[in-house]
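What follows is a single structure, written as structure tokens, with notes after it.
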Amino acid sequence: MKSINWKGYRVIAWMGQAILTFFVVVAAFQGNWQNALSLTFFLIISFAFVIRDDKLPALFDFLFVLAALLNALGWVWGLFYLPGPYDEIVHAFTSFAIALALSFLVYGSMLNIFRHHKILYLLTIASFGIAIGALWEVTEWSAGKILSTEVIGSLDDTIIDLVMDSLGAGLAALTSLWALQEWTGRNPRLGNQQARSYSRD
């Protein structure tokens, strides 16, 4: 099994960035500025994660770029509105990828501490991911109001999306805990400064 910091993951992530850039250019040449802006948003966000190569395992970069690509495809080609589970799958995977990446960025200084408090870590990351999913639903609702387009189909659609977001967040918590063992083992200094500050309190 590949290490979570296998260089191939980051190479693939940069390839995903190139594909997103290509989609932006195509949308701009077609004069579809709304799609071009949407794709640019996903490109910038995913780029911000990929360049933090010292803060995140390469696997997390790859998963986040993949989530950005899936969302970009859904928005530009209307895959979210077609029959089938595309919308639900992307919601779960996006929540999974975002919570996974942010779990290491936001709590980077406390990773060694969390390593010895596994249940607390699981609850923290799962709650974090569920909160992100809820904020995303608010964003979709706001986009529908501002752009005067149908983004959210119904209340049932919103509830199903929140359920899938929660499943993705739960999977992210489990995956992050697994990755935590290898990441802190390779980076033993992570969290030491934070731990020393706690010991002085």
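The values are calculated or read from the model by the stated rules, or taken from the named source; none is laboratory data. Since the model is a prediction, treat every value here as computed from it, not as a measurement. Cβ sites come from the backbone with ideal geometry, for glycine too, and all protein chains shown count toward neighbours. The accessibility values were calculated without ligands, DNA or RNA, using every heavy atom of the protein model including side chains. Shrake-Rupley method; radii C 1.70, N 1.55, O 1.52, S 1.80 Å.
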Pick from segment 97-116, criterion surrounded by fewer than 19 Cβ atoms within 10 Å (Cβ to Cβ) and not in a helix (DSSP H, G or I), ranking: farthest from the chain's Cα centre (by Cα) = H116
Out of A92, A99, which single residue is under 13 Å from L174 (Cα atoms) and touching a helix residue (DSSP H, G or I) at 6+ places or on another chain (Cβ under 7 Å)?
-> A99
Within segment 26-38, restricting to residues that are open to solvent by 30 Å² or more (accessible area, probe 1.4 Å) and aliphatic (A, V, I, L, M), the one that is nearest to G74 (Cα to Cα) is L37
Any residue at all in segment 7-25 that is at pLDDT below 80 and open to solvent by 40 Å² or more (accessible area, probe 1.4 Å)?
-> no
Go through the residues of segment 46-56 one by one and say whether even a single one is assigned to a helix (DSSP H, G or I), touching a residue at least 24 places away in the same chain (Cβ under 8 Å) and not hydrophobic (A, V, I, L, M, F, W, C).
-> yes
Selection from segment 39-70 of residues that are more than 14 Å from F96 (Cβ to Cβ), touching a Phe, Trp or Tyr at 6+ places or on another chain (Cβ under 7 Å) and open to solvent by 30 Å² or more (accessible area, probe 1.4 Å) = K55
Going by the structure shown, is A172 modelled with pLDDT of 85 or more, under 24 Å from H116 (Cβ atoms), assigned to a helix (DSSP H, G or I) and open to solvent by less than 50 Å² (accessible area, probe 1.4 Å)?
-> yes
Any residue in segment 165-180 that's without any contact (Cβ under 8 Å) to a residue 60 or more places away in the chain and among the hydrophobic types (A, V, I, L, M, F, W, C): show its pairings with residues that are crowded, with 18+ Cβ neighbours inside 10 Å and assigned to a helix (DSSP H, G or I) at Cβ separation under 6 Å, as long as the two are six or more apart or on different chains.
-> L177/Y121
